[in-house]
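Undergrad: Below is a structure I'd like to ask you about.
The values are calculated or read from the model by the stated rules, or taken from the named source; none is laboratory data. Bear in mind the structure is a predicted one, so any value in this text is a computation, not a measurement. Note: ideal-geometry Cβ built from the backbone for every residue, glycine included; neighbour counts use all protein chains shown.
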Amino acid sequence: MFKIKIILKTTMKETLFLYLIYLKKSFSFFKLNYSIFNLPKKKKLYTLNKSPHVNKTSREQFELITYKSVIVIQILKKIYAPLRYIFSNLPKTVSLKIQKI
């Protein structure tokens with residue numbers, strides 16, 4: 001028995017939420033033991049000048065919020081076929097990182 005840790009990262013909260021619902025259904029269909037943890041969101045603030053020449057006081061600020069979730073899967077055998085099927089439907093806005101524990 002070994003564990004796989006999967007880190008999902010995105011800037012769109014709804015996409016992550018819908019993909020987690022899909023993963024829960026897929027894991028239950030393949031009878032995999034899993035646990036899901038939502039990590040705190042990170043905010044990054046970007047400041048840009050509106051006009052590059054004269055007005056330094058006129059600036060615009062943008063905020064980028066990143067959402068993360070961690071999934072830990074316990075697998076009894078080294079069967080990767082269900083995992084390939086599950087992660088082949090990854091949305092474009094979600095990045096995926098897989099680690100073996």
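Undergrad: Cβ-Cβ distance below 9 Å, separation of 6 or more or different chains: which pairs start in the range 42-54 with a residue that is free of Cβ contacts under 8 Å to residues at least 40 places away in the same chain and end on one that is loosely packed, with under 10 Cβ neighbours inside 10 Å and in a loop (DSSP other than H, G, I, E, B)?
TA: Pairs that qualify, where the first residue is free of Cβ contacts under 8 Å to residues at least 40 places away in the same chain and the partner is loosely packed, with under 10 Cβ neighbours inside 10 Å and in a loop (DSSP other than H, G, I, E, B), are Asn49/Ser58; Lys50/Ser58; Ser51/Ser58.
Undergrad: Taking the options Asn55, Asn38, name whichever one is of a type outside the set (Ser, Thr, Tyr) and closer than 14 Å to Lys9 by Cβ. Even if it seems obvious, please write down each step before you answer.
TA: On the way: Asn55 fails: closer than 14 Å to Lys9 by Cβ.
Only one candidate passes the filter, namely Asn38.
Undergrad: So how many residues does the range 21-51 have that are polar (S, T, N, Q), in a helix (DSSP H, G or I) and touching a strand residue (DSSP E or B) at 6+ places or on another chain (Cβ under 9 Å)? Full working, then the answer.
TA: Of the range 21-51, the ones polar (S, T, N, Q) are 26, 28, 33, 35, 38, 47, 49, 51.
Those still in the list that are in a helix (DSSP H, G or I) too: 26, 28.
Now restrict to residues that are touching a strand residue (DSSP E or B) at 6+ places or on another chain (Cβ under 9 Å): 28.
Count: 1.
Undergrad: Sticking with this one: Could you check the range 52-78 and list, in sequence order, the residues that are farther than 22 Å from Ser35 by Cβ and part of a strand (DSSP E or B)?
TA: Hits for the range 52-78 are Arg59, Glu60, Gln61, Phe62, Glu63, Leu64, Ile65.
Undergrad: Could you list all residues from the range 1-17 that are surrounded by 13 or more Cβ atoms within 10 Å (Cβ to Cβ), touching a residue at least 40 places away in the same chain (Cβ under 8 Å) and in a helix (DSSP H, G or I)?
TA: Thr15, Leu16
Undergrad: Still on this structure, I have one more. Return yes when Ser58 is at pLDDT 90 or above and of a type outside the set (A, V, I, L, M, F, W, C) and no when it is not. Even if it seems obvious, please write down each step before you answer.
TA: Values: at pLDDT 90 or above: no; of a type outside the set (A, V, I, L, M, F, W, C): yes.
Against the criterion (at pLDDT 90 or above and of a type outside the set (A, V, I, L, M, F, W, C)), Ser58 does not qualify.
Undergrad: Restricting attention to the range 68-101, and to residues there that are β-branched (Val, Ile, Thr) and under 18 Å from the mean Cα position of the chain (by Cα), which single residue is modelled with the lowest pLDDT?
TA: The qualifying residue modelled with the lowest pLDDT is Ile86.
Undergrad: From (1) surrounded by 11 or more Cβ atoms within 10 Å (Cβ to Cβ); (2) more than 29 Å from Met12 (Cβ to Cβ), pick out the condition that doesn't hold for Val70.
TA: It is condition (2) that Val70 fails.
Undergrad: Which members of the range 36-67 meet the condition of being over 25 Å from the mean Cα position of the chain (by Cα) and surrounded by 10 or more Cβ atoms within 10 Å (Cβ to Cβ)?
TA: Selection gives Asn49, Lys50, Ser51, Asn55, Lys56, Arg59.
Undergrad: Count, please, the residues in the range 79-101 that happen to be touching a residue at least 24 places away in the same chain (Cβ under 8 Å), in a loop (DSSP other than H, G, I, E, B) and loosely packed, with under 10 Cβ neighbours inside 10 Å.
TA: Qualifying residue count for the region: 1.
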